[in-house]
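For reference, the structure is listed below as structure tokens.
The values are calculated or read from the model by the stated rules, or taken from the named source; none is laboratory data. Computed from a predicted structure; not experimentally measured. Note that we place each Cβ from the backbone using ideal geometry, even for glycine, and neighbour counts take in every protein chain shown. Just the protein is used for accessible areas: all its heavy atoms, side chains included, with ligands, DNA and RNA removed. Shrake-Rupley method; radii C 1.70, N 1.55, O 1.52, S 1.80 Å.
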Amino acid sequence: MNIDVYLRALQAFGYTEEEARFLYLVATHSGYFVARQFLAFAGVQWGKRTTLFWNKLQSNKHARTSSIPGYRAVYHLFARKLYRQLGRENLRNRRRHELEYIQIGIAILDFVFANPGLSYLETESDKLSFFCRELNIEARHLPSKTYLGRRTIQPTVRHFVDRFPMFFSDVGPRAKIVTFSFIQGSEANLSAFVHHLQGYSSLFRELREFRFLYLSRIDAHFAKARELFHALVTVPLESNPAEDLLRYFTIRKAWDLHQYGLLSEADLVFRNVSKERFAGERFEHFYRAWKADRLPESQIRTTFQGHHLPHTTHFAAQILKPFAGSGEAEGEQR
């Protein structure tokens, strides 16, 4: 995307080209930033250069400063006139938000600044254009949220409100493969991750191939996140997963009851392969309920309908490090 026209619009406020590029990325991806991110992006230390930048933000009334747990200062780009110059006047980034939203926004910026070479689907419009126009996917399959208007009774439907980075790592002659992402917040469980995958499930079913990147400040949830992605996304997208799962349950039950005479060599091979494919708490829960006659096979078939299209999914988990230069800067996470 050529953003020169937007950079020139921001430079008209008195910002340098580098400052304009920084503000463009902040406004587009987050709305919030901390000092260490600007220092690292500009490759400067605290001094006249940074003081001039903060003065411009204040004199233009483009940003306000606040503090949240873990940060000495957080800067929020809120001015409608700034977002209007970028054609992003309706972005929710310019509004005041709660702690979790701000923390995720700062984390999103860390990823974007650390990966400038990726081709991002930056806005809702970009994403709608790619999935609906380029891939001919109906909008009903896209994750959405309905908002009630303050000045009108007509509700507004917005898509991809989570804001997590969505991008292409290589755009060449081959078909573009999109990478979705999720950034783990400070919560100690993965309920938000499960909810996120469920919200995207309809879109996933329409894609022949995609990548998914799980990002977190620590690696404590990596194994569990991979297990959940496999159970909630990979297996349901396979052809006839329900029938395979029921066959595995039947073979496993016979094995557990020491009814080895009922099993063929092919059954044992299938059991060994399926143990890894259907590993995890979700499948264990289904097996125990099915074995105790508390879960009918019809419900399993409904849950794992499979899909007629061949799917290829790629999952990766990665540590999300703070984007920072050398030395400690005001606003750096503690």
### Task
Starting with the highest mean, order 260-272, 83-95 by the number of other Cβ atoms within 10 Å, averaged over the residues of each peptide.
83-95, 260-272
### Message
Testing the spin-label approximation: label points 7 Å from Cα along Cα→Cβ at ARG95 and LEU262. State their distance in nm.
### Response
5.7
### Message
Among PHE182, LEU52, PHE323, whose Cα projects farthest towards the positive end of the dipole of the chain, with charges put on the beta-carbon of Lys, Arg (+1) and Asp, Glu (-1)?
### Response
LEU52
### Summary
Measuring from its Cα centre, region 41-171 shows a charge dipole (+1 at each Lys and Arg Cβ, -1 at each Asp and Glu Cβ) which, in debye to the nearest 20, is 960
### Query
Which one of SER239, SER169, SER144 is farthest out on the positive end of the charge dipole of the chain, using unit charges on Cβ (Lys, Arg +1; Asp, Glu -1) and the Cα centre as origin?
SER144
### Test item: Cα-centred dipole of region 74-126, Lys/Arg +1 and Asp/Glu -1 on Cβ, debye
420
### Query
Accessible area per residue of the chain at 1.4 Å probe, in Å²?
53
### Task
Would you mind telling me which residue in ALA107, ALA279, ALA225 has the biggest mean-square fluctuation in a Gaussian network model of the chain, where springs connect alpha carbons within a distance under 10 angstrom?
ALA279
### Query
In a GNM of the chain with a 10 Å cut-off on Cα contacts, which of GLU206, GLU284, GLU122 has the highest mean-square fluctuation?
GLU284
### Query
Using a simple spin-label model with points 7 Å from Cα along the Cα→Cβ vector, what separation in nm is obtained for SER202 and HIS159?
1.1
### Pairwise FRET efficiency - ARG301 versus ARG226, Cβ, R0 = 35 Å, nearest 0.05
0.85
### Task
Using a 1.4 Å probe over the heavy atoms of the protein chains, calculate the carbon and sulfur portion of the accessible area of the chain as a whole percent.
50
### Task
With a 10 Å radius around each residue's Cβ, average the other Cβ atoms per peptide and rank 159-168, 249-258, highest first.
159-168, 249-258
### Query
Hey, got the dipole for region 185-245? About the Cα centre, +1 on K and R Cβ, -1 on D and E Cβ, debye to the nearest 20?
240
### Summary
Accessible-area order for LYS127, LYS48, largest to smallest, probe 1.4 angstrom, reads LYS48, LYS127
